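Below: the structure, in C-alpha cells.
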Amino acid sequence: METHISCLFPEILAMIFSYLDVRDKGRVAQVCTAWRDASYHKSVWRGVEAKLHLRRANPSLFPSLQARGIRRVQILSLRRSLSYVIQGMPNIESLNLSGCYNLTDNGLGHAFVQEIPSLRVLNLSLCKQITDSSLGRIAQYLKNLEVLELGGCSNITNTGLLLIAWGLHRLKSLNLRSCRHVSDVGIGHLAGMTRSAAEGCLNLEYLTLQDCQKLTDLSLKHISKGLTKLKVLNLSFCGGISDAGMIHLSHMTSLWSLNLRSCDNISDTGIMHLAMGTLRLSGLDVSFCDKIGDQSLAYIAQGLYQLKSLSLCSCHISDDGINRMVRQMHELRTLNIGHFKPGTVADDGK
C-alpha cells in the first residue's frame, strides 16, 4: 500500500510545519486545503512574531493572526493609528514599536484607553517623540508589563520613572539607554526610595542605564538598597560613577553580570571594592576603562575568580598580569583582550 504525505493526520503535518521558517509556513498554507488547515494550527505559529507594515486597512489581517494564535507583533512602519493594532489584537502579549519615529504621545494615548492585561513586552526604543505623558498611560493601563524598552527615548525624565515606579510593579526588565535627562532622583523612584509617592519596581532583574550621563554613585546606592533581585546591570558610558560606587554594588549577591565599559572614573580601586565584597559575578566588562591595570587582574583573581566572561579591551594590562590572573580563573570561558594601547600586551584579540 502506497503512503503519501497527504495521508498524514493534520496533527502530524502541523508538527512538521512547526519546524519551517515563517515564510515557508505561509507558503505551505497555499498548497491545498488540507495543508492550509494544518498550517493554521496554533502549534505551528507558537512563539512567532508577526512583522507588519501598517499602511492601509486590511480587514482580514488581525483575524488571520488570531486564528494562528499569534500574539507577538512588530510594527515596521506605522502609517495608521496604533489603536488599529490594539483593537485588532485584544490578547496581544508583545508589541515592538522600535524605530517608529512618527509615534507620538497623542497616538499612544488613543491606543491605550483601557487595561490590556495580556501585554507583557513593550518596545519603544528610538521612539523619540515619546515623553513622560506616554509613560503615565503605560503605567495606568499596562499593569502586567514585564519588559519595557525605552532606549533612545531622550525626552524621558525622572517624572516618567516615578510613573513607572508607581504603576509597573511586575516589571523585570527596563532599558533606559541614552535617556540623558534621567538622574539619581529617577533611579531612587525605581528603587522604592520614595515610597510615599511610588512603591518602586522592586522585581527588576535586568536594568540598562548605558549612557545616562547624569547618574552618580548615589544611583548605585539606591540600586543596592532597593533592587535586590537585580541580575544584570549595564552602566557602560556612565561617566559620573566612580570607585566609591562599587562599594554599594559589592554586596549585591543576585548580580551576575556587570558592564562598566568606558566608565572613565573606574580604576583598580573600584575593582578592589568589587572583589572584596560578596558578589558572585559570572560576567564583567571593564573595557576602555583607562585606569584599569594589572593590579585589577590580581584583585579579580582573588575575589572574582568565578567569572566566566571578562572583557579588558584597551586596559593597561601586561602579559605578566594576565599570566598571574588566569592561574586562579578556572571557570573563565571568554576573555576579551583586544584593542590595546601602545606599550601594553600584544593585541591578539580573544
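Residues in region 163-194 that are touching a helix residue (DSSP H, G or I) at 6+ places or on another chain (Cβ under 7 Å), open to solvent by less than 50 Å² (accessible area, probe 1.4 Å) and not in a loop (DSSP other than H, G, I, E, B): 164, 165, 167, 183, 184, 186, 187, 188, 189, 190. Of the helices (runs of 4 or more DSSP H) contained entirely in region 21-134, those carrying at least 1 residues that are out of contact with any Lys or Arg (no Cβ under 9 Å at 6 or more places or on another chain) and among the hydrophobic types (A, V, I, L, M, F, W, C) fall at 33-39, 61-67, 83-88. Pairs please, first residue from region 206-223 and surrounded by 18 or more Cβ atoms within 10 Å (Cβ to Cβ), second anywhere and part of a helix (DSSP H, G or I) and polar (S, T, N, Q), Cβ atoms under 9 Å, 6+ apart in sequence or on different chains. Close Cβ pairs (under 9 Å, with a partner that is part of a helix (DSSP H, G or I) and polar (S, T, N, Q)) amount to 209/219; 212/219. Filtered by the rule that a residue be surrounded by 19 or more Cβ atoms within 10 Å (Cβ to Cβ) and β-branched (Val, Ile, Thr), region 265-306 gives 266, 271, 286, 292, 300.
Selection within region 301-335: residues that are assigned to a strand (DSSP E or B) and among the small types (Gly, Ala, Ser). The member of this set that is nearest to residue 257 (Cα to Cα) is 309.
Just to be sure before I move on: is residue 237 open to solvent by 40 Å² or more (accessible area, probe 1.4 Å) and farther than 30 Å from residue 192 by Cβ in the structure I sent? Answer is no for this residue.
Residues in region 78-93 that are open to solvent by 10 Å² or more (accessible area, probe 1.4 Å) and of a type outside the set (Lys, Arg): 78, 81, 83, 84, 86, 87, 88, 90, 91, 93.
The values are calculated or read from the model by the stated rules, or taken from the named source; none is laboratory data. Given the structure is predicted, the values throughout are model-derived calculations rather than measurements. Quick reminder, even Gly has a Cβ in these numbers, built from the backbone with ideal geometry, and neighbours come from all protein chains shown. When the accessible area is computed, the model is the full protein with side chains, heavy atoms only, and any ligands, DNA or RNA have been set aside. Shrake-Rupley method; radii C 1.70, N 1.55, O 1.52, S 1.80 Å.
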